[in-house]
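Below is one structure, written out as structure tokens; comments come after it.
The values are calculated or read from the model by the stated rules, or taken from the named source; none is laboratory data. None of these values were measured; they are calculated from a predicted model. We place every Cβ from the backbone using ideal geometry, glycine too, and count neighbours over all the protein chains shown.
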Amino acid sequence: MISSTLRNAGIKPHLTGFIYLKEEIMILFTEPTKRQRATSLYENIAKKYDISVGSVERDIRYAINDAYYHSHNKMQNFMDNTDDNHIPTNSEFVYWIIEILKINLFSM
């Protein structure tokens, strides 16, 4: 469900940021108490994949920016965002995805 939601938002599955986004969303969706600590989430993901925290953040940001620039209409429709010049931050994007997952889960 997370993978298809990310693809529907325009995130390309072959990008490393897709994997890290999926991991972050899974943690935040199942453990909402961790929402205030994005840095510690990045640290956990970095340890799991044996990379730097900066790489996790950068790869996530790249995946979001790539979707924004290459699938702009898809992201705009998906996010229902009225500000055409606003690229969502990592946190904004993740929380939008979580909200969409909750809506989809409760509408089943």
**Request:** Within segment 32-40, identify whether any single residue is among the basic types (K, R) and at pLDDT 95 or above, and answer yes or no.
**Result:** no
**Request:** Please identify the pairs in which a residue from segment 29-50 that is of a type in the set (S, T, Y) has its Cβ atom under 8 Å from the Cβ atom of a residue that is at pLDDT 85 or above, counting only partners at least 6 apart or on another chain.
**Result:** T39/V53; Y42/E24; Y42/V53; Y42/V56; Y42/E57; Y49/I19; Y49/Y20; Y49/V56
**Residues of segment 41-77 that turn out to be touching a Gly at 6+ places or on another chain (Cβ under 6 Å), surrounded by 17 or more Cβ atoms within 10 Å (Cβ to Cβ) and either acidic (D, E) or at pLDDT 95 or above (or both), as a count** = 3
**Asked** Is one or more of the residues making up segment 8-21 in a helix (DSSP H, G or I), within 15 Å of the chain's Cα centre (by Cα) and surrounded by fewer than 15 Cβ atoms within 10 Å (Cβ to Cβ)?
**Response** no
**Request:** May I ask you to list the residues in segment 7-19 that are farther than 18 Å from M75 by Cβ and touching an Asp or Glu at 6+ places or on another chain (Cβ under 7 Å)?
**Result:** T16
